[in-house]
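So that we are looking at the same thing, I have put the structure below in structure tokens.
The values are calculated or read from the model by the stated rules, or taken from the named source; none is laboratory data. Just so it is clear, the model here is predicted, and its values are computed rather than measured. All Cβ positions, glycine included, derive from the backbone under ideal geometry; neighbour counts span all protein chains shown.
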Amino acid sequence: MGNSCRCLVVDDHPIVRKGVRDLLVQEAICPNVTEAGTGTTAIRLVRRQVWDLLILDMGLPDMHGLEVLKEVKQLQPNLPVLMLSLYPEREFAMRALKAGASGYLTKDQAPTELLIAVQEVLAGRRYVTGAAENHLAVRLDAGQPVTLHDRLSDREMEVLRLLGRGKSVSAIAAEMALSVKTVSTYRARLLDKLGLTSTTDVIRYAIEHRLAT
């Protein structure tokens, strides 16, 4: 694709966006890079023009990355999307791949790993790191949940993660731009699905499964 590659980098941290852009430009993989800091901006840009690659953060200030991903895939179904995240690959990569992502990479990986991931998804292949590949393959092939939290919806999973970090329902509502009543409903649902009875149980569960990142 070379010099014609058009890449959209979506992350709420300007330093992260600049680092990704500089890396892609320096390596002549995608010299035409546009940045966005919110999910709303990303969707607007995807509506306006065709892209060759989208690098998308999971944790955006206005929308969850998976919500952005699903809307983007409706607008441009063939657009390769590489999710870039702080969330554990083992637990969140499968959700991203099922939602249409081409790859998933955590932000603690080396820059060379990002270059490899970009080249893989641009070539039409899926990408996860070797550490998670076998685990994900088994779960995707099975087609069924293998942990209790695999049964949670994306919204319920996000509420679980934030509760696990010790955040109150009102704080989660503000962060997710939802009403307190809606977040309380998600909390009640995830308690039922996980067989838990209290927020303390949720925090313990999230920590045990390394979801409270």
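Hey, can you tell me all the residues within segment 105-127 that are in contact (Cβ under 8 Å) with a residue 60 or more places away in the chain and in a helix (DSSP H, G or I)? Full working, then the answer.
Step one: of segment 105-127, the residues in contact (Cβ under 8 Å) with a residue 60 or more places away in the chain are 107, 111, 114-115, 118-119, 121-122.
Scanning segment 105-127 gives PRO111, LEU114, LEU115, VAL118, GLN119, VAL121, LEU122.
Which pairs have Cβ atoms under 9 Å, sit 6 or more apart or on different chains, and link a residue in segment 150-168 that is over 24 Å from LYS98 (Cα atoms) to one that is among the acidic types (Asp, Glu)?
If the second residue must be among the acidic types (Asp, Glu), the pairs left are LYS167/GLU175.
Does SER198 meet the test of being surrounded by fewer than 19 Cβ atoms within 10 Å (Cβ to Cβ) and either among the β-branched types (Val, Ile, Thr) or at pLDDT 90 or above (or both)? Full working, then the answer.
Numbers: surrounded by fewer than 19 Cβ atoms within 10 Å (Cβ to Cβ): yes; either among the β-branched types (Val, Ile, Thr) or at pLDDT 90 or above (or both): yes.
In short, yes.
Quick one: how many residues across segment 153-166 are surrounded by fewer than 19 Cβ atoms within 10 Å (Cβ to Cβ), assigned to a helix (DSSP H, G or I) and among the small types (Gly, Ala, Ser)?
0
Let me ask something else. Regarding segment 12-26, can at least one residue be identified that is of a type in the set (A, V, I, L, M), under 20 Å from PRO77 (Cα atoms) and assigned by TED's automatic domain parsing to the domain that holds LEU122?
No, because not a single residue in segment 12-26 is of a type in the set (A, V, I, L, M), under 20 Å from PRO77 (Cα atoms) and assigned by TED's automatic domain parsing to the domain that holds LEU122.
Moving on to the next point. Please give the helices (runs of 4 or more DSSP H) falling wholly within segment 1-96 in which 1 or more residues are surrounded by 18 or more Cβ atoms within 10 Å (Cβ to Cβ), at pLDDT below 95 and touching a Ser or Thr at 6+ places or on another chain (Cβ under 8 Å).
Those helices (runs of 4 or more DSSP H) span 65-75.
Need pairs with beta-carbon distance below 6 Å; first residue in the same structural domain as ASP12 (by TED's automatic domain parsing) and within segment 44-58, second charged (D, E, K, R) and in a strand (DSSP E or B); sequence gap 6+ or separate chains.
Hits for this filter: TRP51/ARG6; ASP52/ARG6.
Ok, one more. Among THR199, THR185, which is β-branched (Val, Ile, Thr), free of Cβ contacts under 8 Å to residues at least 12 places away in the same chain and farther than 19 Å from TYR87 by Cβ?
THR185
Something else: Starting from segment 76-104, take each residue that is more than 20 Å from GLU158 (Cβ to Cβ) and list its partners that are among the charged types (D, E, K, R) and surrounded by fewer than 23 Cβ atoms within 10 Å (Cβ to Cβ), counting only C-beta distances under 7 angstrom and pairs at least six apart or across chains.
Once the first residue is more than 20 Å from GLU158 (Cβ to Cβ) and sits in segment 76-104, its partners that are among the charged types (D, E, K, R) and surrounded by fewer than 23 Cβ atoms within 10 Å (Cβ to Cβ) give SER102/ARG126; GLY103/GLU120; GLY103/ARG126.
So which residues in segment 98-110 are at negative phi and surrounded by fewer than 20 Cβ atoms within 10 Å (Cβ to Cβ), if there are any at all?
Once the filter is applied, which keeps residues that are at negative phi and surrounded by fewer than 20 Cβ atoms within 10 Å (Cβ to Cβ), segment 98-110 yields LYS98, ALA99, LYS107, ASP108, GLN109, ALA110.
Another question, then. Which one is nearest to PRO88 (Cα to Cα) among residues in segment 167-207 that are part of a helix (DSSP H, G or I) and among the basic types (Lys, Arg)?
ARG204
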